[in-house]
Amino acid sequence: MKRRRCGKLTTRVSVEERVIKSDAVSIGSRFKGYASYVVQELVLRAQAIRYRRERWLMPNRRLLLAALPTGIDGHCGPELRRLVLLQHHQGQVNRRSIGW
């Protein structure tokens with residue numbers, strides 16, 4: 001049976017490089033390179049977006065307000081809604097314990 005070969009693999013996340021310097025190096029020591037150690041982390045960050053919607057006063061004295069982007073319904077964005085629904089259905093977390 002012949003195996004299929006995959007194409008080039010690309011990393012899905014960017015890898016941040018940090019160099020850790022040793023404090024206990026004695027005089028006469030020789031540098032021999034680095035030993036790599038990869039740690040994966042998930043970073044969740046809060047983001048608040050202020051939409052500044054245009055307001056126009058029409059000649060008939062009515063106020064015209066620009067529409068919000070699609071997917072915005074209330075004061076929670078679509079990604080936050082998705083996370084809350086995921087927690088509710090898969091994590092069996094009720095909305096009261098989330099605070100929503």
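Among residues of segment 29-43 that are in contact (Cβ under 8 Å) with a residue 60 or more places away in the chain and surrounded by 10 or more Cβ atoms within 10 Å (Cβ to Cβ), none has a Cβ under 6 angstrom from a residue that is of a type in the set (A, V, I, L, M, F, W, C) and part of a loop (DSSP other than H, G, I, E, B) at a sequence gap of 6+ or on a separate chain.
Give the residues of segment 45-68 that are over 30 Å from residue 79 (Cβ atoms) and either touching an Asp or Glu at 6+ places or on another chain (Cβ under 7 Å) or basic (Lys, Arg) (or both), sorted by residue number.
Going residue by residue through segment 45-68, those that are over 30 Å from residue 79 (Cβ atoms) are 56-63.
Listed by number, the residues that qualify are 61, 62.
Every number here is computed from the coordinates shown, using simple stated rules; none is lab data. A quick note: this is a predicted structure, and the numbers were derived from the prediction, not measured. All Cβ positions, glycine included, derive from the backbone under ideal geometry; neighbour counts span all protein chains shown.
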